[in-house]
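K.L.:
Questions regarding the structure given below will be posed in turn.
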Amino acid sequence: MKKPILLLLGLIMVASGSFAQRARQEIKDNPNLAANNYRAYPAPTAKLTPAPKGYEPFYISHYGRHGSRWQIGKNAFNRPYFTLAHADSLGKLTPRGKEVFALVKAIRQQGLSREGELTQLGAEQHRAIAKRMFERFPQVFAGKTHVDARSTVVIRCILSMQNELLQLAALNPKIIFKSDASYHDMYYMNDEDNSPYAHMISTAAAMDSLKAFDNRHSGAPHMMQTLFNDDEYAKTVNGKALASQLYNTAIALQNTELRHSFKPIWDIFSFDELYNHWLMGTAYWYTKAGPNKLNNGAGMYTQLNLVKNIVETADSCVKLQHPGATLRFAHESDVLPLVCLLNINGYGNPRSSLEQLDDEDWNVYHIFPMACNVQFVFYKDFKSPSKDILVKVLLNENEATLPVKAYKAPYYRWKDVRAYLESLLGKTIK
């Protein structure tokens, strides 16, 4: 009897730890994942579940992030450049240090005065997303239908919107488009700073916890030894700051055309150094926009106006015979709290602590890469109009779950999803 019992205990232990350190292994296999919100958009690979018999898609409500972009702010280019340029002028760089400097110099030359702007890859991502949307749900975009597109007032978002609309127009010239980018809509398109919940995010407990976490996980001795040939000179360099700057350079490379000319610089970090940078970024976003118990998940509630807009717009569109699509283009700092607020794939469930984020499978590179998006796809049975309208949610074009009773997974009754969204609008935190 002992062997079966031991085997059962072993299986229970494996099952309970199925997510333990999953990100650590995934980043080992693909260091680009360490980029978190700088991860280039991954095209979906899973097939969509066929709709229940008789149902066809007829409306899409979408909210997404701009595509791949350059780093934001001149300091992102200048600080690592001048640090390495000075070291190079004194002959203090190793051969690998010189290669890293060449990359930093090239990114600076191409990126200065383009801070935060959409890259070529970013435009391509949105054209591809629009093409897949059209091909996956052709009934939504058939004939003389309407597409209402809104963007924040930021140019990278406007250009992302433009690229999707141009692709849809090429696929169906009969589509009637309406597009806008106005401060008039910013109260729901990008309300993270003006929301009454914004000031509740940075509680003393949350910020102290995050600062202590960063102190436990920062440091890059391997990087310093890789770049500099003089240990005494290396001591004069702010290694913590340089590590952060070069990590940002490393994660940004995949979003530019320079990725074809320069090899990645992940090797300047030990794996633990790289993993710790991922951890610190994940902890930051969990605190800012996730279900952190130390600020009552305040960041999630900055998206209440957006949820209200999704509900109200859908209410009007589902009454139409052929409503088309509502497309919204914004930022990852909106997509992430929206996903958490809706509790898509369980991302709105609090985790034990910042140290347990990987063990408990809270991982932002699966949520908000460049061009990330949430799509609500609505279905109806046109031959039996009295039947319930169904909806399914896609996260980055992959079928996702909501904490709502499914009609037939991954399909939900819209009346149930709507009731759930309405319940969120009625919540308040202090």
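K.L.:
Going by accessible area, probe 1.4 Å, with all protein chains left in place, what is the ranking of MET207, MET161, largest first? Provide the component values of the computation, followed by the final result.
P.N.:
Details: MET207 65, MET161 10 Å².
The most accessible residue leads, giving MET207, MET161.
K.L.:
Counting helices only, and only those DSSP H runs with n ≥ 4, report the 222 nm mean residue ellipticity of the chain as the sum of -39,500 (n - 2.57) divided by its residues, in deg cm²/dmol to the nearest 500.
P.N.:
When only DSSP H runs of four or more count, the value is -13500 deg cm²/dmol.
K.L.:
A further question follows. VAL147: net charge of surrounding residues, Cβ under 13 Å, Lys/Arg +1, Asp/Glu -1, itself excluded?
P.N.:
On the way: positive: LYS144, ARG150, LYS174, LYS178, ARG328; negative: ASP148, GLU164, ASP180.
Summing Lys and Arg as +1 and Asp and Glu as -1 gives +2.
K.L.:
Quick one: length gained pulling ARG114 to SER384 fully straight, 0.36 nm per residue minus the C-alpha distance?
P.N.:
Stretched fully, the ARG114-SER384 segment lengthens by 91.9 nm.
K.L.:
Give me the 1.4 Å probe accessible area per residue for the stretch 163-279, excluding ligands and nucleic acids, in Å². Before the final figure, lay out the partial values.
P.N.:
Details: 5840 Å² over 117 residues.
Per residue, the stretch 163-279 has an accessible area of 50 Å².
K.L.:
Taking all protein chains as present, what is the carbon and sulfur share of the accessible area of the chain, in % to the nearest whole number, probe 1.4 Å? Don't skip to the answer; put the middle values down first.
P.N.:
Values: 10500 of 19260 Å².
Ligands and nucleic acids excluded, carbon and sulfur give 55 percent.
K.L.:
Something else: Using only Cα atoms, tell me the angle between helix 75-89 and the longest principal axis of the chain; keep it within 0 to 90° and round to the nearest 10.
P.N.:
It is inclined by approximately 20 degrees.
K.L.:
Using Cα positions and a limit of under 26 Å, work out the lysines in reach of LYS427, with same-chain residues fewer than 8 apart set aside.
P.N.:
Those lysines meeting the cut-off are LYS288, LYS293, LYS308, LYS392, LYS405, LYS415.
K.L.:
Counting only C-alpha contacts under 8 Å and six or more residues apart, can you give the relative contact order of the chain as a whole percent?
P.N.:
Details: 727 pairs, mean separation 121.4, N = 430.
Relative contact order here is 28 percent.
K.L.:
If you don't mind, there's one more thing I want to ask. Using +1 at the Cβ of each Lys and Arg and -1 at the Cβ of each Asp and Glu in the stretch 54-204, identify which of GLY54, TYR183, TYR81 lies farthest towards the dipole's positive end.
P.N.:
TYR81
K.L.:
Turning to a different aspect of this structure: Could you give the dipole magnitude of the stretch 169-323 about its Cα centre, charging the beta-carbon of Lys and Arg +1 and that of Asp and Glu -1, in debye to the nearest 20? Provide the component values of the computation, followed by the final result.
P.N.:
Values: 12 positive and 16 negative charges, 84 e Å.
So the dipole magnitude of the stretch 169-323 works out to roughly 400 debye.
K.L.:
Go through (i) 26.5, 88; (ii) 19.7, 56; (iii) 23.4, 78 and flag the label whose value is the computed Rg and Dmax of the Cα atoms in Å for this structure.
P.N.:
The calculated read-out lines up with (iii).
K.L.:
Count the net charge of all other residues whose Cβ sits under 15 Å from the Cβ of ASN190, scoring Lys and Arg as +1 and Asp and Glu as -1. Don't skip to the answer; put the middle values down first.
P.N.:
Numbers: positive: ARG65, ARG150, ARG156, LYS288, LYS308, ARG328; negative: ASP180, ASP185, ASP191, GLU192, ASP193, GLU332, ASP334.
Result for the local shell: -1.
K.L.:
Residues of the stretch 284-430: accessible area per residue at 1.4 Å, in Å²? Intermediate results must be reported in sequence, preceding the final value.
P.N.:
On the way: 5200 Å² over 147 residues.
I get 35 Å² per residue for this part.
K.L.:
How much net charge surrounds GLY219 when only other residues with a Cβ under 9 Å from its Cβ are counted (Lys, Arg +1; Asp, Glu -1)?
P.N.:
Numbers: positive: LYS240; negative: GLU273.
Every neighbour counted, the sum reads 0.
K.L.:
To the nearest 20 debye, what charge dipole does the stretch 330-430 have about its Cα centre, counting +1 at the Cβ of each Lys and Arg and -1 at the Cβ of each Asp and Glu?
P.N.:
On the way: 12 positive and 13 negative charges, 169 e Å.
With only Lys, Arg, Asp and Glu charged at Cβ, the dipole is about 800 debye.
K.L.:
If you don't mind, another one. Grab the Cα-Cα distance for LYS47 and ASP88, subtract it from 0.36 nm times how many residues apart they are, and report the gain in nm with one decimal.
P.N.:
Numbers: separation 41, 0.36 × 41 = 14.76 nm, distance 5.08 nm.
The span from LYS47 to ASP88 would gain 9.7 nm if fully extended.
K.L.:
Convert 37 °C to kelvin, take the viscosity as 0.692 mPa s, use the Kirkwood radius over C-alpha pairs of the stretch 173-268 as Rh, and evaluate the Stokes-Einstein diffusion coefficient in µm²/s, rounded to a whole number.
P.N.:
Values: Rh = 18.3 Å.
So the translational diffusion coefficient is about 180 µm²/s.
The values are calculated or read from the model by the stated rules, or taken from the named source; none is laboratory data. Note that this is a predicted model, so its numbers are computed, not measured. Neighbour counts run over all protein chains shown; Cβ positions are idealised from the backbone, glycine included. Remember, those area values only see protein heavy atoms, side chains included, never the ligands or the DNA or RNA. Shrake-Rupley method; radii C 1.70, N 1.55, O 1.52, S 1.80 Å.
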